[in-house]
Amino acid sequence: MTKKAWISGAAVLIVALMVLILVIAMSGTDEQSDQAAPAPVTPTAPSSPAPAEQPGRVVSDLVGRQVTVVDAPEGEPVAQTGEAGEFPGGTEPVAAPAGLALQRVPSGTTLMVSSSDGPTAVERGVMTGYARSPVGAALLTANYIGLGLEMGPVYADFMQRYAPDLVAEDPELLEEMRARGAATQGRAMQAAEGFQAPRWFRFSHCSPDFCTVEAAMPSVSEAVGQVDTIDVSATEHPVMRVSLSWTGEQWEIVSGRSLPPVEELDRSWVLWI
């Protein structure tokens, strides 16, 4: 399997999300262009860059979800105060975990943590301790998507830990990711401000040994309202399917692929956040 094969699913989803992000950014530009142009001002010395967001500060993403700013590139686990969720008997919906929260890391992407199903610790720059539960598998899936938008050193470390069999076939790709992160100073695309974080989940199969998780993201219309002319449907939800296997110590990613976007989410999907 080549590097193009094992990241193709994530890459397709990332491209789709980038299109949506650009649509959002362009919508904001169009709104500004409709306003009267300001009067010319006397040139001044260039201002210094805006300060980074304060760690611990609570902000909102474009669909109104609460997001906590953290200074750890890989995210920050929270104290575990609840019990991990149980596996479903079939394909019944799985409810959101206790203490589910979104975190915006310095790259600008958004990750998920919980106070019941992990992650619980950080090892070598990667959050670990995702529970052996449907929710643990879903949280790992969400962070696979989020860090995939960064496509830098944190994502490389994440993939090295959670997809070792895949990356072992093309280890040079990890170094390419780390080099890209250095070139972009570790910054992901900022316009969506957490827009890429999944909002709905469902499980086509989940047992203690193997889980297939589907995650759906918000649509453009949910983020910015009515958009008249774009190349993608404003009401479609990008969807990612990730299969994971329990190795005895942790979930490991077997495959990840983008599915056709969904216009309407039926009752098999559960809103988590």
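The values are calculated or read from the model by the stated rules, or taken from the named source; none is laboratory data. As the structure is a prediction and not an experimental result, all values here were calculated from the model. With ideal geometry, Cβ positions are generated from the backbone for all residues, glycine too; neighbour counts draw on all protein chains shown.
What to note about this one:
- Region 217-245 - residue that is part of a helix (DSSP H, G or I) and in contact with a helix residue (DSSP H, G or I) (Cβ under 7 Å, 6 or more places away or on another chain) and, of those, modelled with the lowest pLDDT: Val224
- Within region 66-92, being assigned to a loop (DSSP other than H, G, I, E, B) and among the aliphatic types (A, V, I, L, M) holds for Val70, Ala72, Val78, Ala79, Ala84.
- None of Glu83, Glu92, Glu150, Glu76 is within 22 Å of His205 (Cα to Cα) and touching a Ser or Thr at 6+ places or on another chain (Cβ under 9 Å) except Glu83.
- Within region 176-206, restricting attention to residues that are in contact with an Asp or Glu (Cβ under 6 Å, 6 or more places away or on another chain) and modelled with pLDDT under 60, the residue that is farthest from Gly85 (Cα to Cα) is Ala188.
- Figure legend. Inter-residue proximity from region 169-182: first residues closer than 12 Å to Asp157 by Cβ and surrounded by 13 or more Cβ atoms within 10 Å (Cβ to Cβ), second residues of a type in the set (Asp, Glu) and at pLDDT 85 or above, beta-carbon distance below 9 Å, spacing 6+ or different chains. Indicated pairs: Leu174/Asp157; Arg178/Asp157.
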